[in-house]
Amino acid sequence: MALSRSPSPIPGGGWSSPGLNMHNGRSSPAPHATGGPAAWGSAKTRNHNVNGYPSFSTQNSGYFVRHVRRISSSLPRFYSDTPPHAPKEKLRPGRWTAAHNVPLVGRIRSIFGRMGRKLKLRLFVAAIVLFCLLLFFNTPLPYLWRRASWGGGGGKFVIILGANVGGGVMDWKGAREWAIERDSIRNKRKYASRWGYELDIVDMMTKKRYAHEWREGWEKVDYIRESMRKYPNAEWFWWLDLNTYIMELSHSLQDHVLHDLDKKVYRDINEWNPLNIKHPFTDPYLDEDALSPVGDGKVNSINLLLTQDCEGFSLGSFMVRRSAWTERLLDLWWDPVVYEQRHMKWDRKEQDALEHLYVSHPWVRQHTAFLPQRTINSYPPAACSDGTKQNNTRFHYSENDHDFLVNLAGCQSGRDCWSEMFHYREFGYWLNRNPWERFKEDFVAEIWYRLTGKRVRL
């Protein structure tokens, strides 16, 4: 069989391959190789030691190499319309497609595919935290949890607010009276919704059944009984007059009043006794609890929480607990016989009636306890004033101590109720600002004032 006659690239003919003779002019392989094992070994040695040093390779395992590859993989990719084996052509506009034309879903999948495992885990945790925050601030779940008995227990509390919508028998409501009512109701609603309490806004307009007696002010006793029937699962009922304002919305009744109640109250009225009531009873026929100045001394036996001002009992803010004792007290307190006999002498109406029951009946004292007035019933400086216009630490609201509630008691008698309500409303807003409001008003507005010299409220 004839060999191929293709020309040889070596002058003189032949192939430049091992085992072929390049100088004999033959066009076929030589029968014996020109080199031996020794020559092949020396050739390999020369190839591996060209520079005289051993070879070294990192195999793409270094820190820098890994991050360079990660950076390069995040750069835009370009795709050609022609297959990779096609001949190259001159670039023309629109010939190449950028990676930003990839669909959004594909782009997102590509980004997540290039993320490391730790980064994915951190993003997942951050997403869970963000979801919980949105769930907490934008859904009614916090309110339901605070109301539940296994949660905050707010369903056991009812705030009763006397709104006095009609103005009563002898009062007429103008623009300022309506403004006071609006601010007071908004304040109580905000507090009740924050802690999951029930808010019962009652109409203190003197009804026909009271009008023939001019019994204005006494109806709060009747409304407490109606609220007990309206909310059968509630345990504590907190009465508030319209001229009250809750200053510290962040304090719940559970923590501020009822937690460690035995350490916050005093049951022996001799600790503060502006009425000079003789206490305790000394009649020999009474039992030990009635003769004791603190009753049985058990916190569970407290069913009425009161405060005392400079003149005696103050009922602008007080609390009662549902019990058989409470129902008995309300029935006797509301008894028309008591009213008909003493109403001409009792200038303070229902407060004088309760004081009379406390003085006359040992069973009333056994379940009554007194809170320091500033706990739930602070006064403005004009109330219980001694003429010096200075705060009395027993009665008057203290901005530094952040008292819980302020009661504008007696503002109808020669004082401006609206001015006082406006003052405490504005200060209460300042106390209860959220972080965003604090940032705007304490930082941004202050910078604007320094630049322009004008105060603004953002």
Item checked: Summed residue charge, Cβ within 15 Å of Asp183's Cβ, Lys/Arg positive, Asp/Glu negative -> +2
Item checked: Greater than 32 Å apart at Cα, pairs in Lys230/Lys345; Lys156/Lys263; Lys190/Lys220 -> Lys230/Lys345
Next item on the list: May I ask you to list the trypsin sites (Lys or Arg not before Pro) in region 269-335 that are in a DSSP loop and have at most 11 other Cβ atoms within 10 Å of their Cβ?
Entry: Lys278, Lys298
Check: Over all distinct alpha-carbon pairs, what is the Kirkwood Rh of region 384-458 in angstrom?
Finding: 15.1
Check: So what J values fall out for region 241-252 if you push phi through Karplus, 6.51 cos²θ - 1.76 cosθ + 1.60 with θ = phi - 60°, rounded to Hz, Gly and Pro as x?
Finding: 6, 5, 7, 10, 8, 7, 8, 10, 5, 7, 9, 7
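Coordinate-derived values only; no laboratory data. Just so we're clear, the structure is a prediction, and the values are computed from it rather than from any experiment. Cβ atoms come from the backbone with ideal geometry, glycine included; neighbour counts cover every protein chain shown.
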